[in-house]
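Novice: Encoded as structure tokens, here's the structure I'll be asking about.
The values are calculated or read from the model by the stated rules, or taken from the named source; none is laboratory data. This is a predicted model, so every value here is computed, not measured. Here Cβ is always computed from backbone atoms with ideal geometry, including for glycine, and neighbour counts include all displayed protein chains. Keep in mind that these areas ignore ligands, DNA and RNA; they rest on the heavy atoms of the full protein, side chains included. Shrake-Rupley method; radii C 1.70, N 1.55, O 1.52, S 1.80 Å.
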Amino acid sequence: MINEIHSDANSRMDKSLASLENDFSKIRAGRAHPSLLEQVTVEYYGAMVPLSQVSNITAEDARTLKVSPWEKDMVGPIEKAILTSDLGLNPNTQGQVMRIPLPPLTEDRRRELVRVVRDEAENARVAVRNIRRDAISDFRELLKEKEISEDEARKAEDNIQKITDQHIASIDGSLSDKENSLLEI
């Protein structure tokens with residue numbers, strides 16, 4: 001029973017860490033990467049679909065993304081979707097190909113992105129701590145129902161704290177790496 005709670009908490013904490021890494025990948029550090037356009041959706045025959053399902057997105061060079069729609073009539077809707085997204089990008093359309101130049105990051109924008117990254121990391125830390133709290137309450141519930149002894153409960157709480165500390169350290173390491181990449185010119 002205790003092992004099940006530990007493994008469940010560990011897997012949930014791993015998912016929180018993976019979610020943080022995914023969020024970090026969407027915050028650009030000055031280089032063009034197709035994942036920048038992952039959250040952009042386009043209307044396609046009445047349904048909203050991700051941009052990657054109606055076009056090919058590639059990094060042409062370090063500062064330019066290239067979007068090639070699979071259908072000619074999708075150029076307009078794709079261009080509109082990119083303009084209305086909160087990414088602040090302006091596509092240049094040349095026939096059926098769109099090139100999206102990424103403006104260089106200013107010092108103020110870099111500092112703003114660092115603040116955003118820190119907020120994301122803090123949200124991940126809170127999520128990990130909430131998972132720890134849930135696991136500890138499960139242990140206390142088992143203790144209350146006399147399914148485990150006090151020593152087992154205390155040992156289980158210590159182990160869940162160690163798992164939590166490991167995940168918090170991983171979050172801090174990811175945050176440090178992302179901050180360095182954002183502040184690097």
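Novice: Please report, in debye to the nearest 20, how large the charge dipole of the stretch 98-155 is about its Cα centre when each Lys and Arg carries +1 at its beta carbon and each Asp and Glu carries -1 there. Before the final figure, lay out the partial values.
Specialist: On the way: 15 positive and 14 negative charges, 75 e Å.
Here the size comes out at about 360 debye.
Novice: Taking the Cα centre of the stretch 28-185 as the origin, how large is its charge dipole in debye, to the nearest 20, when only Lys and Arg (+1) and Asp and Glu (-1) carry charge on their Cβ atoms? Please report the intermediate quantities before stating the final value.
Specialist: Details: 23 positive and 29 negative charges, 92 e Å.
Computed charge dipole of the stretch 28-185: roughly 440 debye.
Novice: Okay, moving on. Based on the Cα coordinates of the stretch 1-151, what is the per residue volume of their convex hull in Å³?
Specialist: Cα-based convex hull of the stretch 1-151, divided per residue, equals 154 Å³.
Novice: Provide the gained length on full extension for the span residue 39 to residue 122, in nm with one decimal, where the gain is 0.36 nm per separating residue minus the Cα-Cα distance. Can you show the working numbers first?
Specialist: Details: separation 83, 0.36 × 83 = 29.88 nm, distance 2.20 nm.
Fully extending the segment from residue 39 to residue 122 adds 27.7 nm.
Novice: Next question, about the same structure. Once you place label points 7 Å from the Cα toward the Cβ at residue 64 and residue 158, how far apart are they in nm?
Specialist: 6.2
Novice: If we restrict to alpha carbons, what Rg and Dmax does the stretch 122-178 come to, in Å?
Specialist: Gyration radius and largest Cα-Cα distance of the stretch 122-178: 13.7, 46 Å.
Novice: If I compute solvent accessible area with a 1.4 Å probe over the protein chains, what percent of it on the stretch 1-131 is carbon and sulfur? Let's see the in-between values first.
Specialist: Working: 3570 of 7390 Å².
Within the stretch 1-131, the accessible surface is 48 percent carbon and sulfur.
Novice: Given H placed on each backbone N at 1.01 Å, which residues far from residue 42 in sequence or on other chains put an amide H within less than 5 Å of it?
Specialist: Correct list: 49, 51.
Novice: For Cα pairs less than 8 Å apart in space and 6+ apart in sequence, what is the mean separation divided by the residue count of the chain, i.e. the relative contact order in percent? The partial results should precede the final answer.
Specialist: Working: 205 pairs, mean separation 45.5, N = 185.
Once normalised by length, the contact order is 25 percent.
Novice: Cross-link partners among lysines for residue 66, C-alpha distance below 26 Å, same-chain residues fewer than 8 apart left out?
Specialist: 26, 80, 178
Novice: Sorted from largest down, give the three principal axis spans of the alpha carbons of the stretch 41-110, whole angstrom values.
Specialist: Cα extents, longest axis first: 42, 21, 16 Å.
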